[in-house]
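Peer 1: Dropping a structure here in structure tokens format, bear with me for questions.
The values are calculated or read from the model by the stated rules, or taken from the named source; none is laboratory data. Computed from a predicted structure; not experimentally measured. For neighbour counting, all protein chains shown are included, and Cβ atoms are generated from backbone atoms with ideal geometry for every residue, glycine included.
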Amino acid sequence: MVSTASPALDTLAARAASLDAADPLAAVRERFLLPEGVVYLDGNSLGALPAAVPPAMADAVHRQWGTDLIRSWNDNSWWDAPLRVGDAVGRLIGAAPGQTLAGDSTSVQLFNALSAAVRLRPGRPLLLTDPGHFPTDQYIADSVARLFGLEVRRMPPAGLPRFLAEEGERVAVAGYSPVDYRTGELHDMAATTRAVQRAGGLMLWDLCHAAGALPVGLDELGVDLAVGCGYKFLSGGPGAPAFLYVAERHQAAFDQPLTGWNGHVEPFGLSGDYAPAEGVGRGRIGTPPILSMLALEAALTAFDGVAMEQVRAKSLSLTGFFLDCADTLLDGLGFTAVTPRAPERRGSQVTLRHPDAYALVRALAARGVIGDMRAPDMLRFGVNALYITHRDVLSAIRQLAEVVMSAEHRDERFRHRTTVT
Ligand SMILES: Cc1ncc(COP(=O)(O)O)c(C=O)c1O
Ligand SMILES: Nc1c(O)cccc1C(=O)C[C@H](N)C(=O)O
């Protein structure tokens, strides 16, 4: 155990200062409105507020809605927003224009995408997913399987190569996440995509924990379908629209079950029969939440002039530094790092295990260090490279060490579960 006032701490502080001084993305932090005195390490659940959002919202509410009223569907291009914002997300996930659409929630997009995938691979009875996948992905795979009379097989990523070699020709679609939402482990997207496709199945990635956090190169990898949310690393705000990616080669045959009028080829023809629009626009469903859509659009400007490779380099520097700080300052305090040490196997979060995880996260939050926990014993700390510094990371670990050493977390206030996250 290292005292939190020690030469080791001084060395880490000097390292943090020099890494921050050399950070090419340092100025991007100014694009976010971060509360004074808070170290925000939960951007992997709800991203911080980008400074561009409040004025965009004021304009959307007062001028566009208040004054221009219904004319805004044309005059302020509300109607085109799902495709326009989709393309803005597409730039961050390696998708050429015309393949990404913004709207609805990840759960809804998953339902449409998985169902459409099943229809693209008739005669194949299996849906593959990860038993460690975020629950909504598993629930929706189960529901789609029930609807289509298929079966879901839960297969951890490590078991995929063997399973695909033996039963791959039965797989219609495999739905996985590049980053494990609990441990922060990063899986090999290229190898998984290739293996699934070699067996003739379709690859669907859930990019909730990857979009805006690391380069995913969907077009380059030849991914078939992807979905993701707008409120984590894209910082689009609570309940921000999700996104759907449909590779161009699948669009003409993409037949989703939620055939709302916005996805019709001629929505204002008001025909009683459905005929899908050309392109990814057929993924549209009903009227989108325009205010949230415009908030997401403004939020994405925080990425202007920033390459995803730069985001990745800084994110790895932050998570690597986090693990180093934890090794030094949390040694002997009952923590185990769960996130892999190898940079190519890390997403943009670090997870530590500790038996008192819940109380520790709450005690930290009371000090203004915001992370979260996942049952039963995981403390999760997400780093968004656009606004987190190495100093933030050191401050969080130093305070975590202080909390444990002083047993601050044993206070009655932190004992009972009161929050949803
Ligand atoms: C991998 C993954 N998929 C989906 C979701 C959420 O789906 P929705 O946006 O529908 O709430 C989350 C987190 O909430 C997630 O981590
Ligand atoms: N989407 C969330 C929400 O609406 C409320 C609380 C948390 C969330 C989350 O994002 C959870 C998240 N997907 C996770 O990684 O655990």
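Peer 1: Give the range 144-178 a look and list any residue that's over 14 Å from the mean Cα position of the chain (by Cα) and in a loop (DSSP other than H, G, I, E, B), or say none.
Peer 2: GLY149, LEU150, MET155, PRO156
Peer 1: Here's a follow-up. Return a yes/no flag: does the range 186-200 have any residue that is hydroxyl-bearing (Ser, Thr, Tyr) and within 29 Å of GLU344 (Cβ to Cβ).
Peer 2: Yes, that holds for at least one residue.
Peer 1: Something else: Can you tell me which residue in the range 102-112 is nearest to ligand 1 (Cβ to nearest atom), limited to those that are of a type in the set (A, V, I, L, M) and in contact with an Asp or Glu (Cβ under 9 Å, 6 or more places away or on another chain)?
Peer 2: Among those residues, the one meeting the criterion is LEU110.
Peer 1: Any idea how many residues of the range 243-290 are touching a helix residue (DSSP H, G or I) at 6+ places or on another chain (Cβ under 7 Å) and either part of a loop (DSSP other than H, G, I, E, B) or modelled with pLDDT under 95 (or both)?
Peer 2: Adding up the residues that qualify gives 12.
Peer 1: Using beta carbons and a limit of 6 Å, which pairs, at least six apart or on different chains, have the first residue in the range 229-250 and under 20 Å from LEU214 (Cα atoms) and the second one among the acidic types (Asp, Glu)?
Peer 2: ALA242/ASP104; ALA247/ASP224
Peer 1: Continuing with this model, one more query. Tell me which residues, restricted to the range 355-409, are within 16 Å of ligand 2 (Cβ to nearest atom) and part of a helix (DSSP H, G or I). So that I can check it myself, show each step before the final result.
Peer 2: Of the range 355-409, the ones within 16 Å of ligand 2 (Cβ to nearest atom) are 357-358, 361-362, 365, 370-384.
Once the filter is applied, which keeps residues that are within 16 Å of ligand 2 (Cβ to nearest atom) and part of a helix (DSSP H, G or I), the range 355-409 yields ALA357, TYR358, VAL361, ARG362, ALA365.
Peer 1: Moving on to the next point. Checking TYR181 against (1) more than 24 Å from PRO257 (Cα to Cα); (2) assigned to a helix (DSSP H, G or I), which test does it fail?
Peer 2: (2)
Peer 1: Quick one: ALA158 ticks every box in (1) within 22 Å of GLY283 (Cβ to Cβ); (2) at pLDDT below 95; (3) not charged (D, E, K, R) bar one, so which box is it?
Peer 2: Here ALA158 clears every test but (1).
Peer 1: With ALA211, ALA295 as the choices, which residue is surrounded by 17 or more Cβ atoms within 10 Å (Cβ to Cβ), within 16 Å of ligand 1 (Cβ to nearest atom), outside the structural domain of ASP23 (by TED's automatic domain parsing) and not in a loop (DSSP other than H, G, I, E, B)?
Peer 2: Every option except ALA295 fails the conditions.
Peer 1: When PRO35 is evaluated against the numbered criteria (1) more than 16 Å from ligand 2 (Cβ to nearest atom); (2) outside any helix (DSSP H, G or I); (3) under 17 Å from HIS390 (Cα atoms), which criterion, by number, is the only one it fails?
Peer 2: So PRO35 meets the others, but not (3).
Peer 1: When the residues of the range 69-112 are filtered to those that are of a type in the set (Ser, Thr, Tyr) and within 16 Å of ligand 2 (Cβ to nearest atom), which remaining residue is surrounded by the fewest Cβ atoms within 10 Å (Cβ to Cβ)?
Peer 2: Per the stated criteria, the residue is SER107.
Peer 1: Filter the range 77-101 down to the residues that are farther than 20 Å from GLY260 by Cβ, more than 16 Å from ligand 1 (Cβ to nearest atom) and not small (Gly, Ala, Ser) and list them by number.
Peer 2: Hits for the range 77-101 are ASP87, ARG91, LEU92, PRO97.
Peer 1: Now a separate question. With respect to the numbered conditions (1) surrounded by fewer than 24 Cβ atoms within 10 Å (Cβ to Cβ); (2) within 14 Å of the chain's Cα centre (by Cα), which one is the sole condition not fulfilled by ALA277?
Peer 2: (2)
Peer 1: Where the second residue is part of a helix (DSSP H, G or I) and not hydrophobic (A, V, I, L, M, F, W, C) and the first is in the same structural domain as LEU126 (by TED's automatic domain parsing) and over 13 Å from PRO125 (Cβ atoms) and lies in the range 140-157, which pairs have Cβ atoms under 7 Å and are six or more apart or on separate chains?
Peer 2: ILE140/SER107; PRO157/THR192
Peer 1: List the pairs whose first member sits in the range 166-179 and is under 11 Å from HIS209 (Cα atoms), whose second member is of a type in the set (A, V, I, L, M) and in a loop (DSSP other than H, G, I, E, B), and whose Cβ atoms are under 6 Å apart, counting only residues at least 6 apart or on separate chains?
Peer 2: Hits for this filter: PRO178/ALA210; VAL179/ALA210.
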